[in-house]
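Working notes, beginning with the structure itself.
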Amino acid sequence: MPNVTANGIQIEYDTFGDSSFPALLLIMGGGSQMIYWEVEFCELLTKKGHFVIRFDNRDVGLSTKFEKAGIPDMMAAMKGKPVSSAYSLEDMADDAVGLLGALGLEKAHICGASVGGMIAQVISYRHPERVLSLTSIMSSTGNPELPQIKPDILAEVYKPVPDECEAYIEHHVNMWRKLWSPGFPFDEKRLRTLMAESYDRSYYPQGMARQSAAVLAHGYRKSSIASIKVPTLVIHGDKDPFMSVEGGKEIAQLIPGAKLLIIDGMGHDIPKEAWSEIIDAISIHTMHANVQFE
């Protein structure tokens, strides 16, 4: 896969479809490589008329790592102890915009999942001139008053990650059982394949802790989110145990004119059975935004 230097770091990326189509930039969540945007999902988006770009955020996959920054204690941080952040969500947003610039793209539709949705929010209020539309999937606002992650889920997400392949896969299967959509079948075969590919491509669990520290440091930017003026679609599952559906509802409430799609039975994953509904919603949303900019 190709890479570029942008915002002072190396960013690994991949593209799908015809570059003459409107660009759709996909931003994945904390600790997750770009391959979590599965090839089939990306190809389905291209069939709807998108030029799809996926990439590794800083500190994950094959993009630049921040090894010298050390590993923050996220379990202690979640209990209220102070934690330092090696970089900010603004830095990560600037990475994404830098990638667009390196690819010669003035504007793009921005779609982020989980922490990627928070990064997409930052892009939308920090660089609105680069954004055709915003789609936020299973993300949140950082509001501490929203329902918080249950302790058992938190412990599972931040427990030490084994360094041996089979144990690594088993660890993530157990974690995703807690995060998976209860209204859809648990696709263990698909998950094991993805985890094996992730391990072989880049075993680097410490990056997730630093990305999580950046999320905590970011806090609640209510006024900034409310200042977003680009066409916005919010997609969230009503059974999300990691980022409550209330977070998705608040995003939609804060951004003027935002549309909200709540998917029954969806947790903190993007189940294949919901792909058609999600891809159709994104495509209708971006098509309407394209018309506005013509």
Checklist line | Residues with amide H under 5 Å from that of GLY237, placed H, sequence gap 5 or more | finding: MET138, ILE263
Next item on the list: For a quick protection proxy, order the peptides 106-115, 89-98 by their average other-Cβ count within 10 Å, most packed first.
Entry: 106-115, 89-98
Item checked: Cut-off under 5 Å, modelled amide H: who pairs with THR64 long-range -> GLN10, GLU12, ASP59
Next item on the list: Could you line up TRP176, TRP37 from fewest to most neighbouring Cβ atoms inside 10 Å?
Entry: TRP176, TRP37
Check: Between the stretch 246-271 and the stretch 50-96, what's the alpha-carbon centroid distance in Å?
Finding: 24
Checklist line | Sequence of ILE262, ILE270 once ranked by neighbouring C-beta atoms within 10 Å, starting from the fewest | finding: ILE262, ILE270
Notebook entry, point to check: Per the Debye formula with a single identical scatterer at each Cα and no solvent contribution, what log10 I(q)/I(0) holds for the stretch 119-245 at q = 0.22 Å⁻¹?
Noted result: -1.34
Check: Could you put MET175, MET138 in order, starting from the residue whose Cβ has the fewest other Cβ atoms within 10 Å?
Finding: MET175, MET138
Margin query: Check which residues have an amide H placed less than 5 Å from LEU260's amide H, if you skip close sequence neighbours.
Written below: VAL234
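No lab work stands behind these numbers, since they all come straight from the coordinates. As the structure is a prediction and not an experimental result, all values here were calculated from the model. Cβ sites come from the backbone with ideal geometry, for glycine too, and all protein chains shown count toward neighbours.
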